[in-house]
Amino acid sequence: MSGVVNLSKYKRSRKRRHVCFNRLELNKLLSLYSSRVIRGEWKDYAISHGDGVSEFSIFRNAADRPAFTIVKYPSGSHRRGDFMVCADNRRLKQGDSLESVLKFFERDLKLVSS
């Protein structure tokens, strides 16, 4: 015997939250990126979107892993803020606004060899 199946009962109970960088945020990210390209520090970038997250990854070389990743989460979803700067799965800075997180890049980062 066949019957009608309501597919809405089988969907995930968790709602997917679409997250993306808005125009002002992209302008700030690309402004920072272009200034570092002019200095010769960064070579490439990538923007990716996942389930409830958007990432702006910065590469020193196109074939390498990202040197830094700026992550945006849905608003109000994290206690420490909706934006984060990561490097190699380490959290470097987290804040409520993109401006507060991008202050991490204002200080001069220098290579220290031992």
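The values are calculated or read from the model by the stated rules, or taken from the named source; none is laboratory data. Please read all numbers here as calculations on a predicted model, not as lab measurements. Note: ideal-geometry Cβ built from the backbone for every residue, glycine included; neighbour counts use all protein chains shown. Side chains are part of the model used for accessible areas, which takes the heavy atoms of the whole protein and leaves out ligands, DNA and RNA. Shrake-Rupley method; radii C 1.70, N 1.55, O 1.52, S 1.80 Å.
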Strands (runs of 3 or more DSSP E) within segment 24-114 that include 3 or more residues open to solvent by 40 Å² or more (accessible area, probe 1.4 Å): 44-50, 90-95
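Yes or no, residue by residue, for (1) farther than 22 Å from Ser31 by Cα; (2) in contact with a Lys or Arg (Cβ under 7 Å, 6 or more places away or on another chain); (3) touching a residue at least 60 places away in the same chain (Cβ under 8 Å):
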| position | (1), (2), (3) |
| --- | --- |
| Ser54 | no, yes, no |
| Arg65 | no, no, no |
| Val85 | no, yes, no |
| Asn89 | yes, no, no |
| Gln94 | no, yes, no |
| Val112 | yes, no, no |
